[in-house]
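**Student:** Once you've had a glance at the structure underneath, I'll fire off some questions.
The values are calculated or read from the model by the stated rules, or taken from the named source; none is laboratory data. A quick note: this is a predicted structure, and the numbers were derived from the prediction, not measured. Here the Cβ positions follow ideal geometry from the backbone for every residue, glycine too, while neighbour counts run over all protein chains shown. Ligands, DNA and RNA are excluded from the accessible area calculation, which covers all protein heavy atoms including side chains. Shrake-Rupley method; radii C 1.70, N 1.55, O 1.52, S 1.80 Å.
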Amino acid sequence: MVRVGLEGIEPPKLGGSQKVNLGCFGWTVLSVATVVILYFAGANGRVALAAPDPMTEVKNTVNQVLAVLNDPAYKNSPRKLRDRLREIVEGHLDFTAMARSALGPHWRELSKSDQEEFVNLFRRLMEDTYIGKAANYSGEKVEFLNVYNEGPNYAQVNTNIIQPGRDPIKVTYRLELKDNDWKVYDVLVDEISLISNYRTQFNRVINRDGYPKLVELVKNKIQQLDASFDSK
Amino acid sequence: MVQRKLRIFLRLASCRRLLFVPSGASFAILCLVWYSLTLLALPGRAVAQVAAANKPADSSASSYAYSDPLAPLNEKFFKFNLELDNYVTRPVSKGWAKVAPLPVRKAIGRFFDNINVIPRFANNLFQLKFKYAGEEVARFLINTTVGLAGFFDPADSWFGLKEHPQDFGITLGYYGVGMGPYLMIPFFGPFDLRDGVGYLVDGAMNPIDYLLSLVQVVYIYTGVIAASSVNYESQHLDLFEDADRYSVDLYGAVQDAYIQRRQQLLRQALEYNQKKTLDVQPNGSSSTQKDKQTSQRAAMRGTNF
């Protein structure tokens, strides 16, 4: 599958040609661009212009999250904040891929329904842990650094969280293109992969006490975190 | 992350003395032997190691976990270190954070960093990174004088000389030594065998070991390690307090964070050679990109099995 948008060919050229009042040069660019777009649209069976770009995707989502965090309406209700953030993040994170990766080889040992149950538990664990943590937000800024494309379907977006008076925290998002949509499947904080960290924990528990024990522990954790929301 | 800086109270000074003959001459010989060994190392080797370092860390396919045969013992020590942090280190760090403003604590952190120059210098040398080793010397000279005994870092802010973190554990990894089993040491925190040995060797490089009496050395180490740990924790209190929040199995979380961090440092040490060889090529940029992509794809496969 060829992703045109990634090379950034047509959007800048189209914009440029509209600005220059379509002189001779403009027409040439426009027609070339049209041919290119039509070619790829045909080859792809889909309009190539819609192909998203991972940096824009991350930027949009993070900026939406920051807007909510800066919104005084959510200041004193962590539960409301969590639910709002959940709505924003939903659809941008690939919880199935995360849960599968975090279980490692044990994923294949589970039945279909167990897998679905675990994805659900894992999603709630992530939401309660990290979205809940966002309630401590105190004006940090996010700097978007760069993006590495890993072939057509994988990308890595590097960002910094800037805290006043402290070293910036490096946050990296790993994304996969699925159904014409970039979805995050791992996050690295200071180069520590979150999913790898959970994989080590989960595999230790499974190897020692078996999968049911892991489910029990995760459920307890979610309950504990939910309780901390109520106490606030 | 949590236990990383729990290295307080004791340094195994006496053990070190048994392991390494306490004389400057033996250290010089050690340096020479190491240097001649590194000269023999084949140039292609480091490149092969980049690929090796990018493989998922020591993951035996069956268990998909790090090598941890001492887990039962390690878990006991881990609990001990947690209690120690709970009842001693954290309360003291909190108190310290109240007394001293952040800029002061950061300056003290820089001071401890500056006096620890010898392992950084020596290990950059062991890995034949002469430029980095020289920069470490320059940094030390500048920061000790202009930087007022190392409380400030003008070498970085005025001259753009960055610190190049190094230790003997990384040097061992650099020359192909595997990380061995995971260890949790009481008072000191997480190690793997390779880094534990490296830690002892780095300690043996400290000249005060050979200038002062054993008792004095133990006192000094105890003070320095306790003070720097407390100072470090006082700057990262939220992180230490939240550790439990983020994990289902705290022991595994600490283990994984420690090993990922160490592998990251090793990968950086190995990438130095890649950079150097690629700089020479006229079309270096495209092949750098390609190498970067290959290594990152390999790294991704590590997490996305």
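**Student:** Can you work out the FRET efficiency for the pair A:E87 and A:I169, with r the C-beta to C-beta distance and R0 = 30 Å, to the nearest 0.05? Mind showing how you got there, number by number?
**Tutor:** Numbers: r = 25 Å, r/R0 = 0.83.
Plugging the Cβ-Cβ distance into 1/(1 + (r/R0)^6) gives 0.75.
**Student:** Then there's this: Average partner chain C-beta neighbours within 10 Å, per residue of B:247-255?
**Tutor:** Average per residue, whole number: 6.
**Student:** A follow-up question, please. With a 1.4 Å probe, what is the total accessible area buried between chains A and B, in Å² rounded to the nearest 100? Walk me through the intermediate numbers first.
**Tutor:** On the way: alone 13460 and 17120 Å², together 26930 Å².
Counting both chains, the buried surface is close to 3700 Å².
**Student:** What is the Cα centroid distance between segment B:94-143 and segment B:176-242, reported in whole angstrom?
**Tutor:** Result: 15 Å between the Cα centres.
**Student:** Let me ask something else about it. Cα centroids of segment A:141-201 and segment A:58-87: how far apart, whole angstrom?
**Tutor:** Their Cα centres are 19 Å away from one another.
**Student:** Okay, next question. If you roll a 1.4 Å probe over the heavy atoms of the protein chains, what accessible area per residue do you get for segment A:169-225, in Å²?
**Tutor:** Details: 2140 Å² over 57 residues.
I get 37 Å² per residue for segment A:169-225.
**Student:** Oh, and also: I'd like to compare B:74-82, B:205-213, A:154-162: which one has the highest average count of other Cβ atoms within 10 Å, and what's the full order after that?
**Tutor:** Listed from highest to lowest mean packing, they are A:154-162, B:74-82, B:205-213.
**Student:** So what's the net charge close to B:R90: Lys and Arg +1, Asp and Glu -1, counting the other residues with Cβ under 11 Å from its Cβ?
**Tutor:** My count for the surroundings of B:R90 gives -3.
**Student:** Over segment B:166-220, what percent of the accessible surface lies on carbon and sulfur atoms, probe 1.4 Å?
**Tutor:** That share works out to 76 percent.
**Student:** Just read off the accessible area of A:D71 with the full protein assembly in place, 1.4 Å probe, to the nearest 10 Å².
**Tutor:** Rounded to the nearest 10, that gives 50 Å².
**Student:** For the pair B:L237 and A:N220, how long in nm is the line joining their label points, each one 7 Å along Cα→Cβ?
**Tutor:** 2.9 nm
**Student:** Ranked by accessible surface with a 1.4 Å probe, highest first, in what order do A:E127, B:E83, B:E163 come?
**Tutor:** B:E83, B:E163, A:E127
**Student:** Also, I was wondering about something else. Set Lys and Arg Cβ to +1 and Asp and Glu Cβ to -1, take the dipole of segment A:79-143 about its Cα centre, and tell me which of A:A135, A:V89, A:S113 lies farthest positive.
**Tutor:** A:A135
**Student:** Note every residue of segment A:141-155 with a reduction of at least 10 square angstrom in accessible area, all protein chains present versus the isolated chain, computed with a 1.4 Å probe, or write none.
**Tutor:** A:Y148, A:N149, A:E150, A:G151, A:Y154
**Student:** Counting only other chains, what is the mean number of Cβ atoms within 10 angstrom of the Cβ of each residue in peptide B:232-243?
**Tutor:** Mean inter-chain Cβ contacts per residue within 10 Å come to 1.
**Student:** Counting only C-alpha contacts under 8 Å and six or more residues apart, can you give the relative contact order of segment B:106-156 as a whole percent?
**Tutor:** 41 percent
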